[in-house]
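Taking it in order: structure first as structure tokens, then the write-up.
The values are calculated or read from the model by the stated rules, or taken from the named source; none is laboratory data. Worth saying up front: this structure is predicted, and the values here are computed from it rather than measured. Please note: Cβ atoms are built from the backbone with ideal geometry, for glycine as well, and neighbour counts cover all protein chains shown. For the accessible areas, the whole protein counts, side chains as well, though only heavy atoms, and no ligand, DNA or RNA atoms are used. Shrake-Rupley method; radii C 1.70, N 1.55, O 1.52, S 1.80 Å.
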Amino acid sequence: QVQLAESGGGLVQAGASLRLSCAASGSVFGILRMGWYRQAPGKQRELVATITSGGTTNYADSVKGRFTISRDNAKNPVYLQMNSLKPEDTAVYYCKAERFGMDYWGKGTLVTVSS
């Protein structure tokens, strides 16, 4: 089992920055990929960014150039640096880990961007 804990959400104005963190614990050996997803009110959960154990990153078009996913040398925690935030970035942000064909999710952290 993998446990994930997100932190760093909050209320900011448009144009501001936030950094989210995701700390994994438990059976972290063998995590292939970690990522950030978000779910806005009334919408489906969507991919924001992912990073593999080898460091390959992938981003949603809507956040390219504004968000950066990264991890420290020990692969834990994983960060999401969010710059130039927009009201449409308002959502609950979830961390996900993929390990041996299983997906593990955190409980989420709320990001609210006011105009």
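Being touching a residue at least 40 places away in the same chain (Cβ under 8 Å) and open to solvent by less than 20 Å² (accessible area, probe 1.4 Å) is a property that R33 lacks.
Residues considered: S27, S7. Of these, the only one that is more than 14 Å from the chain's Cα centre (by Cα) and surrounded by 12 or more Cβ atoms within 10 Å (Cβ to Cβ) is S27. The set of residues in region 4-26 being at pLDDT below 95 and under 13 Å from L110 (Cα atoms) is empty. Taking the criterion of being open to solvent by less than 50 Å² (accessible area, probe 1.4 Å), under 17 Å from L32 (Cβ atoms) and either hydroxyl-bearing (S, T, Y) or outside any strand (DSSP E or B) (or both), the residues of region 77-105 that qualify are P77, Y104.
Taking residues in region 1-12 that are more than 13 Å from V113 (Cα to Cα), and partners anywhere that are small (G, A, S) and in a loop (DSSP other than H, G, I, E, B), the pairs with Cβ atoms closer than 9 Å and at least 6 places apart or on different chains are Q1/S27; V2/S27; Q3/G106; L4/G106; A5/G106; E6/G106; E6/G108. The single residue among A60, A49 that is free of Cβ contacts under 8 Å to residues at least 24 places away in the same chain, open to solvent by less than 30 Å² (accessible area, probe 1.4 Å) and more than 15 Å from Q3 (Cα to Cα) turns out to be A60.
Can you tell me which residues in region 63-76 are over 11 Å from the mean Cα position of the chain (by Cα), open to solvent by less than 60 Å² (accessible area, probe 1.4 Å) and of a type in the set (S, T, N, Q)? Result: N76, single match.
Scanning region 57-76 for residues that are among the polar types (S, T, N, Q), modelled with pLDDT of 95 or more and part of a loop (DSSP other than H, G, I, E, B) yields a single hit, S62. Close contacts from region 95-115, counting a first residue that is under 24 Å from F29 (Cα atoms) and a second that is not in a strand (DSSP E or B), with Cβ to Cβ under 7 Å and a gap of 6+ residues or different chains, come to C95/G106; R99/G30; F100/G30.
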